[in-house]
Amino acid sequence: QAGGDAGLERARALLERIQVNDNYKCVGDQIFSRKLTREELAMGKAEQERLVRRLEDGVRAAVGARGLRSDRASLEVETRHVHHGQRGRSPLDSLRFFGKGSARDEHAQPLPQRQRHDCLVPASFEDKGVRVFWKGPPEDCEDVREAVLAWERQEAQGRESDGTFESQ
C-alpha cells in the first residue's frame, strides 16, 4: 500500500510539471554520425551502447567535477537515430519524372533521371547521436549546460585527429 502511494505521488508530481510546462531541459546534443565511416555507421547495438556508455560516463564525470548531482535521477543521456523512413538512402532516389501527356498513356516509361543536384541535398539522410537532459533543480541547469559544453569541447579536441564525432 505504501509503495503504491509513493508511486502515485511521483506520478502526480510529474503530471503537475507537465501541466505547467516544467519539462526536462536539454543541456547537450551530440551527433556522432557526421564523420563516421559506413562501417562505423552500421555498428551493431553492442558497439553503439559502448560508445553511448563512454559518452555518458564522460558527461557524468564533467558534471560531477563541478559539484553538481550527476546520478541517473538528475541526468538522462538518451540515444537517437534520426532517418527519413529509408535509413541512409536518399528519398529523392524513389522519385520518378514523366513527360507531358504520360498520365493518359498507361505504358509511359519514366524519363531518365535528370542531372543529380548533389550540392543541394544533404550528404547523409540519417544521424546518430546522444542528447543529455537535466532533470534536477532548474537553478542548476545553466551550470550543467556549461559543464556539458566544456566536456564536449574537450572531447572534440581529443577526437579531432580520428574524426569519430563532432559536437553541435
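The values are calculated or read from the model by the stated rules, or taken from the named source; none is laboratory data. Everything numeric in this text was worked out from a predicted model, so none of it was measured. When we count neighbours, we look across all protein chains shown, and the Cβ atoms used for this are built from the backbone with ideal geometry, even at glycine.
Things to note:
- Within the range 61-74, residues that are touching a residue at least 24 places away in the same chain (Cβ under 8 Å) have Cβ atoms under 8 Å from residues that are of a type in the set (D, E, K, R) and assigned to a loop (DSSP other than H, G, I, E, B) in these pairs: 63/69; 73/135; 74/135, counting only partners at least 6 apart in sequence or on another chain.
- Filter result for the condition that a residue is over 24 Å from residue 130 (Cβ atoms) and either at pLDDT 65 or above or in contact with a Cys (Cβ under 7 Å, 6 or more places away or on another chain) (or both), over 4, 58: 4
- Against the test of being in contact with a Leu (Cβ under 8 Å, 6 or more places away or on another chain) and modelled with pLDDT of 65 or more, the options 52, 130 yield a single qualifying residue, 130.
- Residue within the range 30-39 that is farther than 19 Å from residue 138 by Cβ, outside any helix (DSSP H, G or I), under 19 Å from the mean Cα position of the chain (by Cα) and at pLDDT 70 or above present: yes
- Qualifying residue in the range 13-26 (condition: under 18 Å from residue 127 (Cβ atoms) and either at pLDDT below 85 or exposed (fewer than 14 other Cβ atoms within 10 Å of the Cβ) (or both)): no
- Within the range 63-82, being surrounded by 14 or more Cβ atoms within 10 Å (Cβ to Cβ) and over 19 Å from residue 44 (Cβ atoms) holds for 63, 64, 68, 69, 70, 74, 75, 76, 77.
- Yes/no for residue 105 being within 18 Å of residue 138 (Cα to Cα) and modelled with pLDDT under 75: no
- Options 42, 46, 65; residue that is at pLDDT 75 or above, of a type in the set (A, V, I, L, M, F, W, C) and more than 30 Å from residue 143 (Cα to Cα): 46
- Counted residues, the range 137-153 - those being under 19 Å from the mean Cα position of the chain (by Cα) and outside any helix (DSSP H, G or I): 0
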